[in-house]
Amino acid sequence: MQHGGPSDSTEIFQILADEYAREILLAADRDGPKTAKALSKECDASLATVYRRVSRLQDHGLIEERRTVDSDGSHRSEFETALEELHIDITDGQLSLAIETRDELADNFTALWNGLRGDK
């Protein structure tokens with residue numbers, strides 16, 4: 001995923017400048033996916049704050065929602081960080097941002113492996 005536009009890069013920098021968003025991003029990366037309630041507790045933030053930040057992080061592909069069904073049949077959402085790498089490049093007075101997510105890295109590895117095996 002390439003974020004080259006200045007406005008998109010600015011939005012992502014603003015998101016990452018937000019302490020709650022960073023804490024949620026990091027908490028959702030530790031020990032597997034977490035519910036909003038677990039993130040709220042771990043980040044010492046209200047549920048409303050967690051849901052607002054998660055929504056912004058999802059808008060930019062930095063966090064993923066996974067829906068699960070409990071043994072009693074109830075549905076719940078869990079959140080996991082999708083961000084794997086963030087690269088910032090400043091060239092000729094232009095700022096560009098490149099983001100790699102876990103899915104993209106897995107796809108790249110699969111393509112590499114298939115290429116080594118001779119698969120198409």
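Given the options Asp59, Asp18, Asp29, Asp44, name the one that is closer than 15 Å to Thr101 by Cα and out of contact with any strand residue (DSSP E or B) (no Cβ under 9 Å at 6 or more places or on another chain). Full working, then the answer.
On the way: Asp18 fails: closer than 15 Å to Thr101 by Cα; Asp29 fails: out of contact with any strand residue (DSSP E or B) (no Cβ under 9 Å at 6 or more places or on another chain); Asp44 fails: closer than 15 Å to Thr101 by Cα.
None of the others qualify; the one that does is Asp59.
Among residues belonging to region 46-97 that are under 13 Å from the mean Cα position of the chain (by Cα) and of a type in the set (A, V, I, L, M), point out the one that is most open to solvent (accessible area, probe 1.4 Å). Show your work before the answer.
Looking only at region 46-97, we keep the residues that are under 13 Å from the mean Cα position of the chain (by Cα), and these are 53-66, 78-86.
Adding the requirement that they be of a type in the set (A, V, I, L, M) leaves 54, 57, 62-63, 82-83, 86.
Numbers: Val54: 2, Leu57: 1, Leu62: 2, Ile63: 7, Ala82: 3, Leu83: 33, Leu86: 67 Å².
Restricting to residues being under 13 Å from the mean Cα position of the chain (by Cα) and of a type in the set (A, V, I, L, M), the top hit is Leu86.
Just to check your reading of the model, which residue among Ser55, Ser40, Ser7 is modelled with pLDDT under 95 and polar (S, T, N, Q)? Talk me through it step by step, then tell me what you get.
Details: Ser55 fails: modelled with pLDDT under 95; Ser40 fails: modelled with pLDDT under 95.
That would be Ser7, the only listed residue that is modelled with pLDDT under 95 and polar (S, T, N, Q).
Show the residue pairs that are 6+ apart or on different chains and have beta-carbon atoms under 7 Å apart, the first residue being within region 30-58 and of a type in the set (Phe, Trp, Tyr), the second being open to solvent by less than 100 Å² (accessible area, probe 1.4 Å) and in a helix (DSSP H, G or I).
So the pair list comes out as Tyr51/Ala36.
So Thr81 clears everything in (1) in contact with a Lys or Arg (Cβ under 9 Å, 6 or more places away or on another chain); (2) over 14 Å from Ile15 (Cβ atoms) except one condition, right? Which one?
For Thr81, the failing item is (2).
The values are calculated or read from the model by the stated rules, or taken from the named source; none is laboratory data. As the structure is a prediction and not an experimental result, all values here were calculated from the model. As a convention, Cβ positions derive from the backbone with ideal geometry for all residues, glycine included, and neighbour counts pool all protein chains shown. Ligands, DNA and RNA are stripped out before the accessible areas are found, and what is left, the full protein with its side chains, is counted by its heavy atoms. Shrake-Rupley method; radii C 1.70, N 1.55, O 1.52, S 1.80 Å.
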